[in-house]
Structures are given as C-alpha cells and as structure tokens.
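Accompanying notes for the structure given below.
Laboratory data are not the source of any read-out in this text; all were calculated from the coordinates shown. On a predicted model such as this, the values are computed, not experimentally measured, just so you know. Note that each Cβ is placed from the backbone with ideal geometry, even for glycine, and that neighbours are counted across all protein chains shown.
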Amino acid sequence: MNKINHQIRPVFPFTAIVGQEEMKLALILNVIDPKIGGVMIMGDRGTGKSTTIRAIADLLPEIEIVKDDLFNSHVSNYDLMSDNVKQKLQENSKLLTQFIKVPMVDLPLGATEDRLCGTIDLEKALSEGIKTFEPGLLAKANRGILYVDEVNLLDDHLVDILLDSAASGWNTVEREGISIRHPARFVLVGSGNPEEGELRPQLLDRFGMHAEIRTVRDPSLRVKIVEQRSQFDQDPLFCIETFKEKQNELKTVIISAQSNLSSITIDYDLKVKISKICGILNVDGLRGDIVTNRAAKAFAAYQNKSEVDVEDIKKVIILCLRHRLRKDPLDTIDSGTKVEQVVNDILN
C-alpha cells in the first residue's frame, strides 16, 4: 500500500460518488476544457455539492509550476506566467520547477475585494520604490479550481470581478497609479440553493454550464450513498485504496481528452443546428452557441472520439442552455424540459 500523508485530510474519491451524474459530467468537461467557462451547481442542501467539487480537484494530475512563484506560473506557456517569471526567462535565468496538486481555492462568503484580488503595499512602494504585491485568492487559484459556495449570496460586485477574471484569464489590481497584472486561469465553480435567491440573469449567463441537482428519492440508492459515506468516515484510507484503480482510469481518460481536445472536429451542419436551437429558444447573445460547441467537443474527447456527433450535443446542450432562457413567471414548463423539446425537434 502506498504511503499516504496523514497530515493531509483525506478526500472522498470522485469515482465513489453515487448519482448526481449531471454535476459530475459538467465538472469533468470543465476540467477537460476550462474555456467552457465554469459551472453553476444549483440544488438542495446536503446533496454532496462540496464533496464532489473537492473530489474532482483531488483526482486531477499534478501540475508543474515555477518553484516559489506566487501565481503557480507555467514554465513555458506565456499566458500562464507572471511578469516576474517572464523577466527571468528574458534574462536567461534558470527556472527551478516543482509539481503540486491542482489548487482548490474556497472563496468565503465574507471575503473582501482585497482578499479576492490581492493588494499593493503602498507604503513600501512610496518609501522604497518597490512594487510589493500581496496575492489574493485569484492568484492562488491560477491553473486550478475556484469554488464559491452560496454564490447567490455573494456581493454582486465580487461576482462581477470573479466572472471577468474567469473570462479574461487575468486579474489587474490598480491603486494610486500603481498597476499589477497577473494570470488568473481557473475553473470557476459556483453552488447555491435556489430557495436562498437566484443569481441575476446577466451574471448567471456568464457561467458556461448550469447543473441542477435534486435529493435522491430512490431508497436503495440513498442507502448505498449512506453506506459509502459511512465506510469512508470509518476508514478513509481503505476507501481510497478500494477506488484507486477507478480513480487512475478516470485520470488517464481526462489526461487523454485534454491532449486530444484540439484535434476534435465538429461538422458545419451540426454547428448550424446548435445555432438554430439557440435562435428558437431566444437565447440572448452568442455565448450559448460558443459554449455548446466547446462542451460537445470536450465530451467527444472524453468519449475518445475524433468528431462530434448528434448524441454528444444532446448530452451537453441542456447543461449549456437551460440558464440562458428568459424567465417567464407564468411559465409552468421547466427550462431544461423546454430546451429538450426544441433539441428533439431539431436533432432527431
């Protein structure tokens, strides 16, 4: 048996999670292609949202970063590098690297803008002429996952900053004429309970995917979930060892999908059909079209295919569009069902 560091709190294995297939698929696709734009998970309390998100981060292969860099800089990709590392490269300095687990950063509800974006030490800048940057959570989350629980209760201003950074891949901090910019590429995962209020539609639209999860009603499945959790709580190391093979298999599939993603093709006719569905559903803007194309390619890569087919689109399109429909208070049909009806009309 491999040695496991007892200092680190064991994480429930991703492949041991029973049910909630929609949430698991959305997370896997965002990990394969972070440009999908993150996922918003809405559902009842106690349905394993936090457990699943921590489990996907723990499953991912380690990443190589420049040693002692505050931003988890990539050693060769300019878009994932801090200015400091770029400068060292230009000076032909030797860069030492290390492997770390994919960062998994929690944004607490009471976080301030400084805590999120980082701060510039003005005193040092003015007295010594040195730009000293105290990194925030966006810096720590670079090349990882940023998780916001109860995102619908978070200050709208902070949600705006989060979504802007997630979309651009950069965070800029400006104070008193001093400006610092650093990479902030992360998979943004938000979760919330609809009973505690909805997100504004213009903010909701910025999340690439939207997964809805419900409490499992089937008694035998509920028993299985409870037993699985009890087994983990009693002997986490045994549970981790039991699912080790499945975890490694899924990890291999994800790594393979990440490397094959750029070669996946999607037929022009299918692109037209995706846009036709978005048009019939009155989806504002083109985000819905773009995200559906990306997610379908990521799913095809996950299935080890070279080309997107109709089934791939059917599998992901509800996740990509259900939160982009205009809300009609008199509507009795669920938005997911509405998307499904149109999809079946166009794609069958």
*If you take the charge dipole of the chain about its Cα centre, with +1 on Lys and Arg Cβ and -1 on Asp and Glu Cβ, which of I280, G336, L25 is farthest toward its positive end?*
L25
*By per-residue mean of other Cβ atoms within 10 Å, what is the highest-first order of 281-293, 140-152?*
140-152, 281-293
*Quick one: which residues, 5+ away or cross-chain, put their amide H under 5 Å from the amide H of D309? H built at 1.01 Å from N.*
none
*Specify whether the C-alpha gyration tensor of the stretch 65-139 places it in the rounded, prolate or oblate class, a ≥ b ≥ c being the square roots of the eigenvalues: rounded for a/c under 1.5, otherwise prolate if a/b is larger than b/c and oblate if not.*
oblate
*Could you calculate the contour length gain from W170 to Y78, that is, 0.36 nm times the residue separation minus the distance between their Cα atoms, to one decimal place in nm?*
31.9 nm
_Among V189, Y78, L137, whose Cα projects farthest towards the positive end of the dipole of the stretch 77-193, with charges put on the beta-carbon of Lys, Arg (+1) and Asp, Glu (-1)?_
Y78
_Shape call, the stretch 261-347: gyration tensor on alpha carbons, a/c limit 1.5_ = prolate
*Which value in deg cm²/dmol, rounded to the nearest 500, describes the helix-derived mean residue ellipticity at 222 nm for the chain, given -39,500 (n - 2.57) per DSSP H run of n ≥ 4 and division by the residue count?*
-13500 deg cm²/dmol
_Over all directions, how big on average is the projection of the convex hull of the alpha-carbon atoms in the chain, in square nanometres?_
21.0 nm²
*How high is the relative contact order of the chain, given as a whole-number percent (alpha carbon pairs under 8 Å, six or more residues apart)?*
22 percent
_Built amide H within the under 5 Å cut-off of G190, gap 5+_ = V39, M40, I41, V148
_Suppose every Lys and Arg Cβ carries +1 and every Asp and Glu Cβ carries -1, with no other charges. What dipole size does the stretch 198-348 come out with about its Cα centre, to the nearest 20 debye?_
320 debye
*asked:* Between helix 335-347 and the chain, what is the angle of the helix's C-alpha long axis to the longest principal axis, kept within 0 to 90° and rounded to the nearest 10?
replied: 70 degrees
*Distance in nm between label sites at E245 and E21, each 7 Å beyond Cα in the beta-carbon direction?*
2.3 nm
*In nm, to one decimal, how far is the I346 label point from the T112 one, both placed 7 Å along Cα→Cβ?*
4.7 nm
*Given the Cα-Cα distance of K327 and E196 and 0.36 nm per residue of separation, how much length would full extension add, in nm?*
45.4 nm
*Any idea what angle helix 21-32 forms with the longest principal axis of the chain, computed on alpha-carbon atoms, 0 to 90 degrees, nearest 10?*
40 degrees
_Using a Förster distance of 30 Å, the FRET efficiency for S262-E123 (Cβ separation, nearest 0.05)_ = 0.05
*Treating only the Cβ atoms of Lys and Arg (+1) and Asp and Glu (-1) as charged, compute the dipole magnitude of the chain about its Cα centre; round to the nearest 20 debye.*
720 debye
*Relative to the first principal axis of the alpha-carbon coordinates of the chain, what is the inclination of helix 244-260, with its axis defined by its Cα atoms, in degrees from 0 to 90 and to the nearest 10?*
80 degrees
*asked:* Rounded, prolate or oblate, given the Cα gyration tensor of the stretch 80-200, with a/c below 1.5 counting as rounded?
replied: oblate
_Test item: Cα-centred dipole of the stretch 261-347, Lys/Arg +1 and Asp/Glu -1 on Cβ, debye_ = 280 debye
*asked:* Can you order the peptides 192-205, 59-72 by their average number of other Cβ atoms within 10 Å per residue, highest first?
replied: 59-72, 192-205
*K314 versus K86, label points 7 Å from Cα toward the beta carbon: distance in nm?*
4.7 nm
